Structures are given as structure tokens and as C-alpha cells.
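Student: This is the structure I want to talk about, given as C-alpha cells.
The values are calculated or read from the model by the stated rules, or taken from the named source; none is laboratory data. Treat the numbers as computed from the prediction; the structure is a model and nothing was measured. Here the Cβ positions follow ideal geometry from the backbone for every residue, glycine too, while neighbour counts run over all protein chains shown.
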Amino acid sequence: MNNIDKQFKILSTTAILGYGFPLESFMTGIREDPDLIAVDAGSVDPGPYYLGSGKSFTDKIGVKRDLRHMLKQGIGRKIPIIVGSCGGSGAEPHLEWCKAIVEEIAREEGLSFRLGLIYSDIDKQVVIEAIENNKIEPLQYLDKLTSDTVDRSVNIVAQIGVEPIIEAIKLNCDVILAGRAYDPAVFAALPIHLGYDPGLSMHLGKILECAAIAAEPGSGSDSVLGILGPDSFILKPLNSIRKFTRESTAAHSLYEKSNPYSLPGPGGALDLRNVSFRQLPDGQVEVRGSRLIPSEKYTVKIEGVQKLGYRAVSIAGSHDPIMIKNISDIINNVNAIVADILHSENIDGEIYFHIYGKNGVMGSRETDQEIASHEIGIVIESVSSSQEAANTICTITRSTLLHYGYAGRISTAGNLALPFSPSDLPAGEVYSFSIYHLMEIDNQDLFKIKVVEI
């Protein structure tokens, strides 16, 4: 780096691209003259559907709004812009979706720039060869990966580290759109490339990827500033209603970690055993002592999903204390009746009941077996090999429960309050995670980089 003593400022716009941010906060950050505008755009939190379907879990209008402000200000001021895990899941269709939005904005705003695209998709044969060479290991509680599982999987992606992003930076890209990426990497890549401490850069990225969630009050829809120095970094709120505290910053440093002192990622683990947090005026916090410990083997987390079928749902409620008290027995009896009907009609599928007010959130892990609710919500879910079959199963189950005659029932008009018409809703394709493993790689050539002049 030319001047390691210079502060490096990173504007984190929002927790996930498309979640939005107050324009006043964003512009306050722009007036700080940042060296980088970055945002994480994805997560596995919304589940496997989006990776399997190739669709974004964020809305195009929200994503376009956020990107428009970022591109106008960043390109106009020659500030690099980096987006990670584009389209939510970061596979090729998600990356192309985000690229198309960027191109729309460029046409509408008359912007010209050099765009870098980083693809994090992994070919199935590469994964199978890694299995054969004992270069894939399951994460805790998961089974070993097999070639059969790989063959059934779709849209396999790897969480890239900083290296492919640095390569795109070296290609003089003004805007970088990355596929699936390790969340802190999009914030840490440029400062690491410039010579800043990798541990501090990664720790700062770990906090900035959630933007203002680490502040008080926390928000996933607000901008913050990270200021990186040679031996510490500072977190600065950009909204007068928020502040960073030692406690909020330390708490967020524990976020999504099984070990409070270590956060593994591509190429190494973040070591937080000697970290200190110092409160500064104006709701700022300074952090020191973060270290990055290189790993012996370079591994990336790979993600893939397999299609299970199609889903239909029906949402209902009950205010009947007799039904609520006996809901478990009622559900078991309805299940038995429906199973007989489906068997006689040669219809295969699964039925799931989610009882809110009883165990709808925790399911079988619920420790409180006593129902204290005066009303319950019932979600009937059916899954089958076709949408038509899933619809049929859902309809039969809903109608059977609606008119099931349980002991002590007084009303015979129906057991359920149905808020929607139609009462049964086709929900489309169903996927499950099939690959969630670590894969050792020998180099970064797996990840294709494409440069486009916009």
C-alpha cells in the first residue's frame, strides 16, 4: 500500500441489497468521502427454494432503488462498488438477474463504467472428483457427500473468499458483482489488497455485512460507515437515532458463530481472543486486536439443493377451546382418514400441520406442552411430486379437518376460520439443501471472472 497510515472508509449501505436505506443516512456516508461502497446481497436464511429456482428473495424494485443510488454516487465520484451474493443465492441466474438491473440503471442514468462479474458456480464433475480425492468434508451433524447426491443437486455454488474479488479489482473494475460470497469478503477484499491488516479487515467486514444491525437500535435497513486504520477500526453510525456501543459491537461479533473466539472462512479463521472494544464519542466504537489465522488447507463452503416436489398450503384458525384442547388427537385422526383416501386413489405425498399457539415455531423441540392460547393458527402443508397432487392432498386435508366431528363439538357448520378465498394456495416447487459441505481447492481458477464495458 502507498500510505498504510491513511484511513480507509467503507460505506455499508444496508444489511441486504434491496432491504433499503434512508437516503439521508446514505448521503451522510457519501459526504464522508468513502473509499468503497459495498453491500452483501444474499443469505441461505430464506431457505433452499431460491437457490433451486434461480429466483431472488429480494424484490427487483427494492434492489434497483438501492443500486441506483449506489451507482450514481459511486461512479460519479469514482468510488469502487462491490456487491456479494447477487440475487440472494449467488448462482449464475441470480448474478445475471442483478447484472440486468445494473444495465437498466446505466441506460436510464447515462452511466459508463467497467463491470466485473464473478461466477461462483461449481460444476458437478468438479465436486465428484473432489469426493473421490477425499477433498470434501461435511459440516457438523451432516452426512458425507456422495456422487448420487451431487447428481440430484442443482445450482451448486461456493462461498468465495477475497481472492476472486481482488482479481477483479486488479482488472480495474469500477463495479464488481459477485456470485455467492463469504459475507465479509466484499468489504475486506479491497483493503486487504491495499495492504491493510487482514484480521481487522475481516472483522470489520463481519460487522458491516449486517450494516446497522450492530448499532442500537439495530436496523437491517440503514447505512453505516467503517473506518479502517493500521491497527484498529472504527464503526460510525450515519443516522442520528443510532449509536454503536461496546456491548452492541461485541454482541454482533458473536453473531452466527458456534465458537465466540473463532470464525472460520475461506482460507483462514478470524481469531477474536485478544479483541478490545473502546467507546468513542458520538456513538462510535473502536475495535483492536483482531487476527486472521491462515488455514493449512484452503476450503470453501459449497451449497446445493435438490428438488423434492411441489407444495400447497391452507391457512386456518380455531377459537374453539374444545378443539384447541384436543388438537393433537384431532390432527392424528384427520391424518389417518386422509391417508386412507389417498391410498385408495394412489396419490403419494406428505402432510404437515404447523399449529401456531402450540408448537408452530419449535415443532417437536417445543418444551412447553401446555396450550395457553385462546386461539390457534393452523397451517396445512402438502408436498407431492406434482402441483396437482399437492393441491389435491391439501384440499382433502383441509375439508376433512373443516368438518371433522370431534368429541364435545357443539357447532356443526365448520371447525375452521379461513381468512382467504381461495382457501388452498399452490406454493410451487419445493427444494431441500443437499450440499452444505467444505471443499478443499488448490487454486482460484474455479471462479470465472468476466469484464463488461457498460
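Student: In this structure, is residue 251 touching a Lys or Arg at 6+ places or on another chain (Cβ under 8 Å), among the hydrophobic types (A, V, I, L, M, F, W, C) and touching a residue at least 24 places away in the same chain (Cβ under 8 Å)? Explain how you work it out, then say what you get.
Tutor: Numbers: touching a Lys or Arg at 6+ places or on another chain (Cβ under 8 Å): no; among the hydrophobic types (A, V, I, L, M, F, W, C): yes; touching a residue at least 24 places away in the same chain (Cβ under 8 Å): yes.
Considered against the rule, which asks whether it is touching a Lys or Arg at 6+ places or on another chain (Cβ under 8 Å), among the hydrophobic types (A, V, I, L, M, F, W, C) and touching a residue at least 24 places away in the same chain (Cβ under 8 Å), residue 251 comes out as no.
Student: Can you confirm whether segment 315-335 contains a residue that is assigned to a strand (DSSP E or B), small (Gly, Ala, Ser) and buried (at least 19 other Cβ atoms within 10 Å of the Cβ)? Let's see the steps before the verdict.
Tutor: From segment 315-335, those assigned to a strand (DSSP E or B) are 315-318; that's our starting set.
In the following step, the residues that additionally are small (Gly, Ala, Ser) were identified as 316-318.
So of that shortlist, the ones also buried (at least 19 other Cβ atoms within 10 Å of the Cβ) come out as 316, 318.
Yes; the residues of segment 315-335 include at least one that is assigned to a strand (DSSP E or B), small (Gly, Ala, Ser) and buried (at least 19 other Cβ atoms within 10 Å of the Cβ).
Student: Follow-up question, since we're still on this one. If we scan segment 428-441, do we find a residue that is part of a loop (DSSP other than H, G, I, E, B) and outside the structural domain of residue 318 (by TED's automatic domain parsing)? Don't jump to the end; show me each part of the working.
Tutor: Just the residues of segment 428-441 that are part of a loop (DSSP other than H, G, I, E, B), to begin with: 441.
Imposing the further condition that a residue be outside the structural domain of residue 318 (by TED's automatic domain parsing) reduces the set to 441.
Yes, some residue in segment 428-441 is part of a loop (DSSP other than H, G, I, E, B) and outside the structural domain of residue 318 (by TED's automatic domain parsing).
Student: Please determine, by comparing only the residues of segment 144-165 that are within 22 Å of residue 89 (Cβ to Cβ) and surrounded by fewer than 23 Cβ atoms within 10 Å (Cβ to Cβ), which one is nearest to the chain's Cα centre (by Cα).
Tutor: Filtering segment 144-165 for residues within 22 Å of residue 89 (Cβ to Cβ) gives 145, 149-165.
With the extra rule that they be surrounded by fewer than 23 Cβ atoms within 10 Å (Cβ to Cβ), the set shrinks to 149, 151-152, 154, 163.
Numbers: 149: 23, 151: 24, 152: 23, 154: 18, 163: 21 Å.
Here the answer is 154.
Student: Which number in (1) in the same structural domain as residue 313 (by TED's automatic domain parsing); (2) in contact (Cβ under 8 Å) with a residue 40 or more places away in the chain; (3) aliphatic (A, V, I, L, M) marks the one condition that residue 413 misses?
Tutor: (2)
Student: Here is a further query. Any residue that is under 22 Å from residue 438 (Cα atoms), at pLDDT 95 or above and among the hydroxyl-bearing types (Ser, Thr, Tyr) - is there at least one of those in segment 119-126? Spell out how you get there, then give the answer.
Tutor: Our first condition is that a residue be under 22 Å from residue 438 (Cα atoms); within segment 119-126, this holds for 119-126.
In the following step, the residues that additionally are at pLDDT 95 or above were identified as 119-126.
From the residues that got through so far, the ones that are among the hydroxyl-bearing types (Ser, Thr, Tyr) too are 119-120.
Yes, segment 119-126 contains a residue that is under 22 Å from residue 438 (Cα atoms), at pLDDT 95 or above and among the hydroxyl-bearing types (Ser, Thr, Tyr).
Student: Given the criteria among the charged types (D, E, K, R), assigned by TED's automatic domain parsing to the domain that holds residue 349 and farther than 29 Å from residue 306 by Cα, does residue 398 qualify?
Tutor: No; evaluated as a whole, the condition is false for this residue.
Student: How many of the residues in segment 368-405 are more than 20 Å from residue 423 (Cα to Cα) and over 28 Å from the mean Cα position of the chain (by Cα)? Let's see the steps before the verdict.
Tutor: Here is the first cut: in segment 368-405, the ones more than 20 Å from residue 423 (Cα to Cα) are 368-374, 385, 405.
Remaining after also requiring over 28 Å from the mean Cα position of the chain (by Cα): 368-374, 405.
Qualifying residue count, segment 368-405: 8.
Student: Also, quick follow-up: Can you find a residue in segment 40-49 that is within 20 Å of the chain's Cα centre (by Cα), outside any loop (DSSP other than H, G, I, E, B) and under 30 Å from residue 435 (Cα atoms)? Walk me through it before giving the result.
Tutor: Taking segment 40-49 and keeping what is within 20 Å of the chain's Cα centre (by Cα), we get 40-49.
Pick out the ones that are also outside any loop (DSSP other than H, G, I, E, B) and you get 40, 49.
Right, trim to under 30 Å from residue 435 (Cα atoms) and you get 40, 49.
Yes, there is a match, as at least one residue in segment 40-49 is within 20 Å of the chain's Cα centre (by Cα), outside any loop (DSSP other than H, G, I, E, B) and under 30 Å from residue 435 (Cα atoms).
Student: So is residue 193 surrounded by 22 or more Cβ atoms within 10 Å (Cβ to Cβ), out of contact with any Gly (no Cβ under 7 Å at 6 or more places or on another chain) and either not assigned by TED's automatic domain parsing to the domain that holds residue 67 or not aromatic (Phe, Trp, Tyr) (or both) or not? Show your work before the answer.
Tutor: Details: surrounded by 22 or more Cβ atoms within 10 Å (Cβ to Cβ): no; out of contact with any Gly (no Cβ under 7 Å at 6 or more places or on another chain): yes; either not assigned by TED's automatic domain parsing to the domain that holds residue 67 or not aromatic (Phe, Trp, Tyr) (or both): yes.
Against the criterion (surrounded by 22 or more Cβ atoms within 10 Å (Cβ to Cβ), out of contact with any Gly (no Cβ under 7 Å at 6 or more places or on another chain) and either not assigned by TED's automatic domain parsing to the domain that holds residue 67 or not aromatic (Phe, Trp, Tyr) (or both)), residue 193 does not qualify.
Condition check ((1) surrounded by 22 or more Cβ atoms within 10 Å (Cβ to Cβ); (2) assigned by TED's automatic domain parsing to the domain that holds residue 209; (3) assigned to a loop (DSSP other than H, G, I, E, B); (4) at pLDDT 95 or above) across all residues:
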| position | (1), (2), (3), (4) |
| --- | --- |
| 225 | no, yes, no, yes |
| 235 | yes, yes, no, yes |
| 240 | no, yes, yes, yes |
| 250 | no, yes, no, no |
| 256 | no, yes, yes, no |
| 263 | yes, yes, no, no |
| 279 | no, yes, no, yes |
| 285 | yes, yes, no, yes |
| 313 | no, no, no, yes |
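Student: Something else now. Suppose we filter 373, 411, 421 for residues that are touching a helix residue (DSSP H, G or I) at 6+ places or on another chain (Cβ under 9 Å), surrounded by fewer than 19 Cβ atoms within 10 Å (Cβ to Cβ) and part of a loop (DSSP other than H, G, I, E, B); which single one remains?
Tutor: Result: 373 is the single residue among 373, 411, 421 that is touching a helix residue (DSSP H, G or I) at 6+ places or on another chain (Cβ under 9 Å), surrounded by fewer than 19 Cβ atoms within 10 Å (Cβ to Cβ) and part of a loop (DSSP other than H, G, I, E, B).
Student: Go through 264, 237 for me and flag whichever is without any contact (Cβ under 8 Å) to a residue 60 or more places away in the chain and within 28 Å of residue 91 (Cα to Cα).
Tutor: 264
Student: In this structure, is residue 303 modelled with pLDDT of 95 or more, under 28 Å from the mean Cα position of the chain (by Cα), of a type in the set (Asp, Glu) and farther than 30 Å from residue 212 by Cβ?
Tutor: Judged against the criteria, residue 303 is not a match.
Student: A further question follows. Can you work out which of the residues in segment 1-39 that are in a loop (DSSP other than H, G, I, E, B) and basic (Lys, Arg) is farthest from residue 95 (Cα to Cα)? Give the derivation first.
Tutor: Taking segment 1-39 and keeping what is in a loop (DSSP other than H, G, I, E, B), we get 1-7, 13-22, 31-35.
With basic (Lys, Arg) added as a condition, the list becomes 6, 31.
Values: 6: 34, 31: 30 Å.
Among them, the one singled out is 6.
Student: Starting from segment 197-215, keep only residues that are farther than 23 Å from residue 6 by Cα, then list their pairs with residues that are in a helix (DSSP H, G or I) and not aromatic (Phe, Trp, Tyr) whose Cβ atoms are within a distance under 6 Å, requiring at least 6 positions of separation or different chains.
Tutor: 214/207; 214/248; 214/249; 214/252
Student: Can you find, within segment 1-42, the residue that is modelled with the lowest pLDDT among those that are among the small types (Gly, Ala, Ser) and at negative phi? Don't jump to the end; show me each part of the working.
Tutor: Here is the first cut: in segment 1-42, the ones among the small types (Gly, Ala, Ser) are 12, 15, 18, 20, 25, 29, 38, 41-42.
Those left that are additionally at negative phi: 12, 15, 25, 29, 38, 41-42.
Values: 12: 98, 15: 97, 25: 98, 29: 98, 38: 98, 41: 97, 42: 94.
Taking the candidates together, the pick is 42.
Student: Every residue in segment 208-218 that is over 14 Å from residue 182 (Cβ atoms) and buried (at least 24 other Cβ atoms within 10 Å of the Cβ), please.
Tutor: Across segment 208-218, the qualifying residues are 211, 212, 214, 215.
Student: Applying the selection to segment 329-387, what residues are in contact (Cβ under 8 Å) with a residue 40 or more places away in the chain, over 23 Å from residue 319 (Cα atoms) and among the small types (Gly, Ala, Ser)?
Tutor: Scanning segment 329-387 gives 349, 382, 384, 385, 386.
Student: Just the residues that are on the phi > 0 side of the Ramachandran plot and touching a Leu at 6+ places or on another chain (Cβ under 8 Å), please, taken from segment 404-431. Outline the logic, then answer.
Tutor: If we filter segment 404-431 for residues that are on the phi > 0 side of the Ramachandran plot, which is where we start, we get 408, 414, 428.
Residue satisfying the conditions is 414 alone.
Student: Something else now. For residue 201, are the conditions met, namely being surrounded by 23 or more Cβ atoms within 10 Å (Cβ to Cβ), among the polar types (S, T, N, Q) and either outside the structural domain of residue 36 (by TED's automatic domain parsing) or outside any loop (DSSP other than H, G, I, E, B) (or both)? So that I can check it myself, show each step before the final result.
Tutor: Working: surrounded by 23 or more Cβ atoms within 10 Å (Cβ to Cβ): yes; among the polar types (S, T, N, Q): yes; either outside the structural domain of residue 36 (by TED's automatic domain parsing) or outside any loop (DSSP other than H, G, I, E, B) (or both): yes.
Criteria met by residue 201.
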